1. Does region 239-248 include one or more residues that are on the phi < 0 side of the Ramachandran plot, assigned to a strand (DSSP E or B) and either among the charged types (D, E, K, R) or more than 52 Å from the chain's Cα centre (by Cα) (or both)?
2. Which residue pairs have Cβ atoms under 8 Å apart, sit 6 or more places apart or on different chains, and have a first residue in region 309-321 that is under 13 Å from Ala262 (Cβ atoms) and a second that is among the β-branched types (Val, Ile, Thr) and surrounded by 11 or more Cβ atoms within 10 Å (Cβ to Cβ)?
3. Taking Arg217, is it in the same structural domain as Gln16 (by TED's automatic domain parsing), in a helix (DSSP H, G or I) and basic (Lys, Arg)?
4. Which of the residues spanning region 240-265 are of a type in the set (A, V, I, L, M, F, W, C) and either exposed (fewer than 15 other Cβ atoms within 10 Å of the Cβ) or not assigned by TED's automatic domain parsing to the domain that holds Ala308 (or both)?
Amino acid sequence: MSLADYRRVTPRELRQAEDDVRRSEAAWKEGGGLRIEANHIREAREQADLIEAEYKEARSANQQAAFEAARFATSRFIVKLGLDNLGFSTSLVICGAALFAVSLVGAVLFSHQVGTVLLTSFLVAFPLTGLVAILLAWVWPFEERIRRDADVRQFRIDALEKLEAIKIQRDKKWQNYQAIKRNALLLQEYKAAYDHRQRIDKLLKDIKYLLLNMDWRSLRGVAFEEFLVRVFESLGYDAKMTKASGDQGVDLIVTGKGMKIAVQAKGYGGSVGNHSVQEVHAGKDFYACGSCAVVTNSVFTSGARKLAEKVGCRLIDGSAVADLILGRIF
């Protein structure tokens with residue numbers, strides 16, 4: 001994890017995370033409180049698609065039934081007018097004559113030549129009569145059509161009832177799908193809020209977070225030494241403080257991972273000079289350590305840095321303490 005991942009969690013952020021958990025949990029429970037998985041959404045959608053296909057098929061059948069019912073209604077209208085008594089052929093002749101008469105009147109209005117008038121009337125009336133014949137045959141109340149009238153009416157009623165029944169099922173399936181999908185989104189929001197709150201809880205208990213966010217810059221003397229003991233122990237080392245007097249310039253002996261390090265801790269307000277480097281370098285041999293380091297929450301003088309580079313002593317100032325805590329140095 002980076003240093004940014006260990007930034008201090010403010011009380012406001014903590015309250016917001018807790019509020020998000022409560023709000024999202026309440027919304028999820030209000031929406032049904034179901035633990036929806038991806039396969040549940042997929043199954044609900046498949047059911048909705050199936051009933052949608054049935055609905056479209058029933059709607060098409062209903063339209064066909066309505067079309068047939070309209071045709072038979074026209075047949076009944078012809079019977080009601082008594083035109084069926086004239087017969088199909090007679091009715092067709094009458095319609096043809098009427099069309100020819102109308103065409104004749106129209107032609108006379110545009111031309112006074114007899115030949116032209118008759119030809120025009122014939123050319124207009126003949127195809128129109130053919131069209132009328134087709135339409136009349138389509139709706140004419142022939143005996144067979146009269147016998148099927150009741151069946152067509154029933155077919156129309158059944159198609160309409162089936163359409164209404166499937167529409168109710170269709171609406172329920174789509175409502176169920178939408179409810180499951182909405183519940184899944186609410187559950188997802190609740191899980192995200194809960195996981196975020198758990199990450200915060202875990203972070204607040206993380207020793208690195210505690211060390212990074214404590215006021216280590218203000219620590220002095222033994223308090224800074226104890227702080228460094230916790231830092232090295234969090235990195236998996238064994239860190240022991242030397243005795244307060246006669247420590248030979250070494251405050252901590254750090255062992256582990258194949259190393260033994262002599263450490264001088266300088267919780268300090270000013271700049272740390274080369275005297276500390278001299279002390280810890282000498283103390284390294286006294287305690288039979290393989291390396292040495294000076295750790296401060298302040299800064300080093302240029303002289304201390306030059307000497308440390310010469311004798312091989314590691315310097316860790318206040319700007320590098322965070323890297324030390326995160327394990328980037330040892």
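1. Scanning region 239-248, I find at least one residue that is on the phi < 0 side of the Ramachandran plot, assigned to a strand (DSSP E or B) and either among the charged types (D, E, K, R) or more than 52 Å from the chain's Cα centre (by Cα) (or both), so the answer is yes.
2. These pairs meet every condition: Val311/Val277; Cys313/Val277; Cys313/Val280; Cys313/Val294; Arg314/Val294; Arg314/Ile329.
3. Considered against the rule, which asks whether it is in the same structural domain as Gln16 (by TED's automatic domain parsing), in a helix (DSSP H, G or I) and basic (Lys, Arg), Arg217 comes out as no.
4. Across region 240-265, the qualifying residues are Ala244, Met259.
The values are calculated or read from the model by the stated rules, or taken from the named source; none is laboratory data. Quick caveat: nothing in here was measured; it's all calculated off a predicted structure. In this analysis, Cβ positions are derived from the backbone assuming ideal geometry, glycine residues included, and neighbour counts consider all displayed protein chains.
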